[in-house]
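Notes for the one structure printed next.
The values are calculated or read from the model by the stated rules, or taken from the named source; none is laboratory data. These numbers were taken from a predicted model, which means no experiment stands behind them. Heads up, the Cβs are rebuilt from the backbone with ideal geometry, glycines too, and the neighbour counts pull from every protein chain shown.
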Amino acid sequence: MTKLIPILIIALILTAAILTACAPTVSEERPDDFQAAYYWSTGSLPPIYYYNYTITIGPEETGTIVFRAGYNGEEAPVWTETFPLEPGALDALYLSLHMAGAFTETWQQMEDTPDGGSVDSLDLTAYGTSYAIPSYIDGDDQARAMDAVYSMIEGFVPQEIWDDLYAKHEEYMIENEDEG
């Protein structure tokens, strides 16, 4: 038995080294390929009232919001706006995600998801790896952490852009109210 202990220790060290070499290195410093794509939708509503948007941040110091009125497959408008990020914003977002465990935690969706409510999710790229944060996260601490990140991402979009997009959607609803 005592002869097996050194062999087991060597085997454990080799296994740890192999696992470490295969896993992406996750640090507090933002990698060059870091990108976040946050998706939000209103949930189930009549087509003229429904909308969704995707906010993509990075890997450069810019962001883009794609705002879609109506459901996919309809001839509803899509508006796209690009905006600069404040210096350090990308690093702050990455650090918030890192501290929330976005690159190391296993994110699960709740088993019993609500019907008809708004939906959000997040797709990340870092270290050459894709990470997905589902809608309706299972776990209160994880859900709260991601809600804070989602608010941060929405806050990167300048208020003038939000005002313009909501005004365009309002016009779309008025023009199509006979269909609602």
The lone exception for LYS168 - which of (1) crowded, with 16+ Cβ neighbours inside 10 Å; (2) in contact (Cβ under 8 Å) with a residue 40 or more places away in the chain; (3) not β-branched (Val, Ile, Thr) it fails: (1)
Per-region count, region 135-146, residues surrounded by 13 or more Cβ atoms within 10 Å (Cβ to Cβ), outside any loop (DSSP other than H, G, I, E, B) and out of contact with any strand residue (DSSP E or B) (no Cβ under 8 Å at 6 or more places or on another chain): 2
Selection count, region 47-73, where residues are at positive phi and touching a Lys or Arg at 6+ places or on another chain (Cβ under 9 Å): 1
Matching residues in region 85-113 - criterion: being of a type in the set (Asp, Glu) and modelled with pLDDT under 85: GLU105, GLU111, ASP112
Residue in region 20-37 that is in contact with a Lys or Arg (Cβ under 9 Å, 6 or more places away or on another chain) and either at pLDDT below 95 or under 30 Å from GLN159 (Cα atoms) (or both) present: no
Hits in region 35-85 - residues which are in contact with a helix residue (DSSP H, G or I) (Cβ under 9 Å, 6 or more places away or on another chain), among the charged types (D, E, K, R) and touching a residue at least 24 places away in the same chain (Cβ under 8 Å): GLU61, GLU81
Odd one out for ALA132 among (1) surrounded by 13 or more Cβ atoms within 10 Å (Cβ to Cβ); (2) closer than 30 Å to GLU75 by Cα; (3) within 11 Å of the chain's Cα centre (by Cα); (4) modelled with pLDDT under 90: (1)
Filter result for VAL66 (at pLDDT below 70 and within 18 Å of the chain's Cα centre (by Cα)): no
All positions within region 40-83 that are more than 15 Å from ILE153 (Cα to Cα), surrounded by 15 or more Cβ atoms within 10 Å (Cβ to Cβ) and β-branched (Val, Ile, Thr): ILE48
Flag for TYR172 being more than 14 Å from the chain's Cα centre (by Cα) and either of a type outside the set (A, V, I, L, M, F, W, C) or at pLDDT below 95 (or both): yes
